[in-house]
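We did not get these values from a lab; they are worked out from the coordinates using the rules stated. A quick note: this is a predicted structure, and the numbers were derived from the prediction, not measured. We place every Cβ from the backbone using ideal geometry, glycine too, and count neighbours over all the protein chains shown.
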Amino acid sequence: MWKVTVDNDRCQGCGTCVDACPGEVYEMVDNLARPVRMDDCHGCHTCEALCEQDACHIEAR
Ligand code: SF4
Ligand code: SF4
């Protein structure tokens, strides 16, 4: 299982993580990415790699 967090102070709402996540973990809420389906994360780290703001983070839980 993976814990997905988004730093709201860093997220610029570009939507890259929403579009790239193969698990459809993220949705945009009020122009910020939110990990609304965290249980669907399979730890690929794609979102972390692509986020230019270093806003999303994945860790084992
Ligand atoms: S890729 Fe980063 S900056 Fe863009 S919406 Fe996702 S968390 Fe926010
Ligand atoms: S690590 Fe992969 S599956 Fe998990 S939220 Fe990021 S892009 Fe989606």
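Among the residues of the stretch 15-33, those identified as more than 9 Å from ligand 1 (Cβ to nearest atom) and in contact with an Asp or Glu (Cβ under 8 Å, 6 or more places away or on another chain) are GLY23, GLU24, VAL25. Of all residues in the stretch 1-17, those that are of a type in the set (Phe, Trp, Tyr) have Cβ atoms under 8 Å from Cβ atoms of residues that are in a loop (DSSP other than H, G, I, E, B), 6 or more apart or on another chain, in TRP2/CYS41; TRP2/HIS42; TRP2/GLY43; TRP2/ARG61. Among residues of the stretch 20-59 being outside any loop (DSSP other than H, G, I, E, B), within 11 Å of ligand 2 (Cβ to nearest atom) and among the hydrophobic types (A, V, I, L, M, F, W, C), the one that is surrounded by the fewest Cβ atoms within 10 Å (Cβ to Cβ) is ALA49. Restricting the stretch 1-19 to residues that are closer than 12 Å to ALA55 by Cα, within 11 Å of ligand 2 (Cβ to nearest atom) and surrounded by 13 or more Cβ atoms within 10 Å (Cβ to Cβ) leaves a set whose member that is farthest from the chain's Cα centre (by Cα) is THR16.
Among the residues of the stretch 1-32, those that are closer than 19 Å to ARG61 by Cβ and of a type in the set (A, V, I, L, M, F, W, C) comprise MET1, TRP2, VAL4, VAL6, CYS17, CYS21, VAL25.
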